[in-house]
Amino acid sequence: MATLPRSVSATFAVCALASLAGCAGGPGSAGSGPPAEAPAYRVGDRWVYHGDDGFRVKTEWDETHEVTAIGPDGITVRITLKGPTTNVTRTELWSAPGQVKVGAVYDNDTRRFAVPLQRYDFPLAAGKNWNQWAANYNEATKQSGSINYWVRVGGWEKVATPAGTFDAISMQVVMRLDDETFWRYATTCNYVVWYAPAVRGVVREERRAQYVEKSNGTSGGAGTIRTQYGVLELTSFTPGR
């Protein structure tokens, strides 16, 4: 599969981020506050979310994340999604808080990372950013590849959810996936995530993703296909013991 040079892809990610910041999907003005330190997870920590995705007709589901084990290999989290058209169970393995050895970054495709993906680079402080090329094996497609994962930490905000209102720090996440084919370019994802220390996790996430078709010179101009337009919100948090 043809890939862009890393310097070009990194520039692409920054441009996508600038576009996101100028749209409604980006977080607004935010306040200052102390860095969010890495959480101390407990077996039994349980987060329940309600998610929706789509444009005219939305798909809805309830999503549960639960810490099932903590040991030398890391933190094991079982994730289940249940809805009228959704029934998924998968497992993630984190080598440390925010560091994903096995997990999903887009939809529910489980990936095994050669080096843990820095989903959250604790401590989270306003203005911090990181950019990672993450080599991985996608269990759904049975293919190896490398995704570009870029994050910028924003400021603190009051975020209202069905589970309550939380002090949360925002993050803008821009990803370029490794799914380019002969007929289309790679999927790009523009996410906004709010992390709240009070629940040791995310309380809200807004997801936008798309890819651009390649023009073959006979079918006219390339089209943009939107693949995600969704929100995930916390509905409850139950701490473990």
Could you check which residue among ASP167, ASP73, ASP62 shows the biggest mean-square fluctuation in a GNM of the chain with a 10 Å Cα cutoff? ASP73
So if a site counts as exposed when it's one of the chymotrypsin sites (Phe, Trp or Tyr not before Pro), its DSSP state isn't H, G, I, E or B, and it has at most 16 other Cβ atoms within 10 Å, what's the longest stretch of the chain without one? 56-181
How large is the accessible surface per residue of the chain, computed with a 1.4 Å probe and reported in Å² as a whole number? 49 Å²
What value, in deg cm²/dmol to 500, does the helix sum -39500 (n - 2.57) over DSSP H runs of n ≥ 4 give at 222 nm once divided by the residues of the chain? -2000 deg cm²/dmol
Residue with peak Gaussian network fluctuation, the chain [Cα springs, cutoff 10 Å], from GLN228, GLN143, GLN210: GLN143
In cubic angstrom, how much convex hull volume per residue do the alpha carbon atoms of the stretch 85-241 span? 150 Å³
Lys and Arg at +1, Asp and Glu at -1: add these up for the other residues within a Cβ distance under 15 Å of THR85 and post the number. -4
What's the carbon and sulfur percent of the chain's accessible surface, probe 1.4 angstrom, rounded to a whole number? 52 percent
Just need the relative contact order of the stretch 85-168 here, percent rounded to a whole number, with Cα pairs under 8 Å and 6+ apart. 20 percent
Spin-label model distance (nm) - LYS214 vs THR181, 7 Å beyond Cα toward Cβ: 1.2 nm
In whole Å, what three semi-axes, largest first, describe the equivalent ellipsoid of the stretch 127-209 built from its Cα gyration tensor (square root of 5 times each eigenvalue)? 30, 13, 12
What list of ³J(HN,Hα) values in whole Hz, one per residue of the stretch 57-63 in order, does the Karplus curve 6.51 cos²θ - 1.76 cosθ + 1.60 (θ = phi - 60°) give from phi, with Gly and Pro shown as x? 10, 9, 8, 10, 7, 10, 10
Sequence order, the stretch 166-183: Karplus ³J(HN,Hα) from phi using 6.51 cos²θ - 1.76 cosθ + 1.60, θ = phi - 60°, Hz rounded, Gly and Pro as x, gives 10, 7, 9, 9, 8, 9, 9, 10, 10, 10, 10, 7, 10, 10, 5, 10, 5, 10
Collect residues whose amide H, placed 1.01 Å from N in the peptide plane, falls under 5 Å from the amide H of GLY155; neighbours closer than 5 in sequence don't count. SER170
Given backbone amide H placed at 1.01 Å from N, residues whose amide H is under 5 Å from that of THR227, ignoring those fewer than 5 places away on the same chain, are ALA209, GLN210, TYR211
For the pair TRP130 and ALA114, the simple spin-label estimate (label points 7 Å beyond Cα toward Cβ) gives in nm 1.8 nm
Which whole-Hz couplings ³J(HN,Hα) result when phi for each residue of the stretch 194-211 is put into the Karplus expression 6.51 cos²θ - 1.76 cosθ + 1.60, θ = phi - 60°, listed in order with x for Gly and Pro? 10, 9, 10, x, 4, 10, 6, x, 6, 10, 7, 9, 10, 10, 9, 8, 6, 9
Nearest 10 degrees, 0 to 90: what angle lies between the long axis of helix 6-21 and the longest principal axis of the chain (Cα atoms)? 70 degrees
Output the relative contact order of the chain, whole-number percent, from Cα pairs under 8 angstrom with separation of 6+ residues. 19 percent
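The values are calculated or read from the model by the stated rules, or taken from the named source; none is laboratory data. Keep in mind that what you see is a predicted model, and the values were worked out from it rather than measured. Cβ sites come from the backbone with ideal geometry, for glycine too, and all protein chains shown count toward neighbours. Ligands, DNA and RNA are stripped out before the accessible areas are found, and what is left, the full protein with its side chains, is counted by its heavy atoms. Shrake-Rupley method; radii C 1.70, N 1.55, O 1.52, S 1.80 Å.
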